[in-house]
Each structure stands twice: as structure tokens, then as C-alpha cells.
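To start, the structure itself, in C-alpha cells.
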Amino acid sequence: MTFKALVVAALSLIFDRLTKWWVVAEFNLYDRLDLTSFFALVRWHNEGAAFSMLADAGGWQRWLFMALGVFFCGFVIYELRRLPKGDKVMWVVYGLLLGGAVGNLVDRITVGYVVDFLLFHWRDAYFPAFNIADSSLFCGAALWIIVMLREARQAKQAGADV
């Protein structure tokens, strides 16, 4: 399972790096290309974390988010190594989380910010722009929550059957 998780992580990372490379090559900072009435491609630089948290903190946040990224990647690798061989889902979770974390960590290390380019909106209501690494992190976290809820439900049912 570890190899499969690393393949998922590598694919996520490669797709993230290629899309960010394309956006940086084709768009100037703050450019926007509306593709539908609710979706646009943009080029924004996020020096903060999710939803631009701490983006205006003066620069120290880069080092904090890099340290958190390294710690998180280490945690995911540690958990991946402990994963039972028969597990059917968590290797996907860990692969998505690792690929997404490394994708944004590479940005922070190389340029000091994360390149965001996917922008969804409805009229004047905007969801913060994000990227493929963010999507991998979100999908991995969502799948992890589903697994935990399923396991909790199964444990509850097993307790009720006793």
C-alpha cells in the first residue's frame, strides 16, 4: 500500500507543479480569464495559509508554514508506514495529503508564496482561489473524515450487537 500511496502523491504533485507552471507562464499576477459565469482562471500569490490567513503578517509566516508543512509531511509518512497492509482506503488519503502538502511546500520554499489559480464565484460572492495541491489536501481530508465516520458507525453497531 505504501507504494500506491506514493504514486498517488507523485501524481498529485506532478499535476500541481505542471498547472502552476502553466499559470505562471501564461498569466501575469492578478490576470483573470472568465471561463463560465461562475468559474475563472486567475494568477494570485498567497503568502498566507487557507483563505489567505496571515497573508499580511510581514514575512515570518513563510517560515511558520514551511515548518508546519515539513512536520505534516513527516506525520503523513510516519502514519503511512504504520498502515496495515489490508487497508483499502487510507493509502489514498495519505497519498492525497502528502502530494498536496509537498506541492504547496515546494512553492513556499522556492518562491515564498503559493500560486493559486482556480476561482469559483456566484455573482459578487467569491470562494477563495485555490490550486491542485489544495484540492488534493481537501479531497484527502474529506475522505479521511468519511472513513472515520464509517468506522465510528461500524463500532457503534458492533457495540449494539453485543
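The values are calculated or read from the model by the stated rules, or taken from the named source; none is laboratory data. Predicted, not measured: the structure shown is a model, and the values here were computed from it. Neighbour counts are summed over all protein chains in view; Cβ atoms, including those assigned to glycine, are modelled from backbone coordinates with ideal geometry.
Name the single residue, out of those in the range 122-162 being without any contact (Cβ under 8 Å) to a residue 40 or more places away in the chain and in contact with a strand residue (DSSP E or B) (Cβ under 6 Å, 6 or more places away or on another chain), that is surrounded by the most Cβ atoms within 10 Å (Cβ to Cβ).
Step by step, filter the range 122-162, then rank; the result is F130.
In this structure, does G103 turn out to be assigned to a helix (DSSP H, G or I), modelled with pLDDT of 95 or more, within 18 Å of the chain's Cα centre (by Cα) and under 19 Å from A141 (Cβ atoms)? Steps first, answer last, please.
On the way: assigned to a helix (DSSP H, G or I): yes; modelled with pLDDT of 95 or more: yes; within 18 Å of the chain's Cα centre (by Cα): yes; under 19 Å from A141 (Cβ atoms): yes.
It is true that G103 is assigned to a helix (DSSP H, G or I), modelled with pLDDT of 95 or more, within 18 Å of the chain's Cα centre (by Cα) and under 19 Å from A141 (Cβ atoms).
Hey, K85 hits all of (1) in contact (Cβ under 8 Å) with a residue 12 or more places away in the chain; (2) exposed (fewer than 14 other Cβ atoms within 10 Å of the Cβ); (3) part of a helix (DSSP H, G or I) but one; which does it fall short on?
(3)
Being touching a Lys or Arg at 6+ places or on another chain (Cβ under 6 Å) and over 17 Å from S135 (Cα atoms) is the filter; apply it to the range 2-32 and report the residue that is surrounded by the fewest Cβ atoms within 10 Å (Cβ to Cβ). Reasoning before the result, please.
Quick first cut of the range 2-32, residues touching a Lys or Arg at 6+ places or on another chain (Cβ under 6 Å) only: 23, 27, 29, 31.
Then keep just the ones that are over 17 Å from S135 (Cα atoms); that gives 27, 29, 31.
Values: F27: 17, L29: 10, D31: 14.
Restricting to residues being touching a Lys or Arg at 6+ places or on another chain (Cβ under 6 Å) and over 17 Å from S135 (Cα atoms), the top hit is L29.
Do we have A57 as part of a loop (DSSP other than H, G, I, E, B) and at pLDDT below 95 here? Let's see the steps before the verdict.
Working: part of a loop (DSSP other than H, G, I, E, B): yes; at pLDDT below 95: yes.
So A57 passes the test.
Mind listing whichever residues of the range 38-54 are surrounded by fewer than 17 Cβ atoms within 10 Å (Cβ to Cβ) and modelled with pLDDT of 95 or more?
F38, F39 - these are the residues of the range 38-54 that are surrounded by fewer than 17 Cβ atoms within 10 Å (Cβ to Cβ) and modelled with pLDDT of 95 or more.
Out of the residues in the range 88-113 that are of a type in the set (V, I, T) and under 16 Å from H45 (Cα atoms), which is surrounded by the most Cβ atoms within 10 Å (Cβ to Cβ)? Outline the logic, then answer.
Of the range 88-113, the ones of a type in the set (V, I, T) are 89, 92-93, 102, 106, 109-111.
Still in the running and under 16 Å from H45 (Cα atoms): 106, 109-111.
Details: V106: 17, I109: 12, T110: 8, V111: 14.
It comes out as V106.
Output the number of the condition that S37 fails; it satisfies all remaining conditions of (1) part of a loop (DSSP other than H, G, I, E, B); (2) closer than 30 Å to V147 by Cα.
Condition (2) is where S37 drops out.
What number goes with the only condition from (1) assigned to a helix (DSSP H, G or I); (2) touching a residue at least 60 places away in the same chain (Cβ under 8 Å); (3) surrounded by fewer than 23 Cβ atoms within 10 Å (Cβ to Cβ) that L119 does not pass?
(1)
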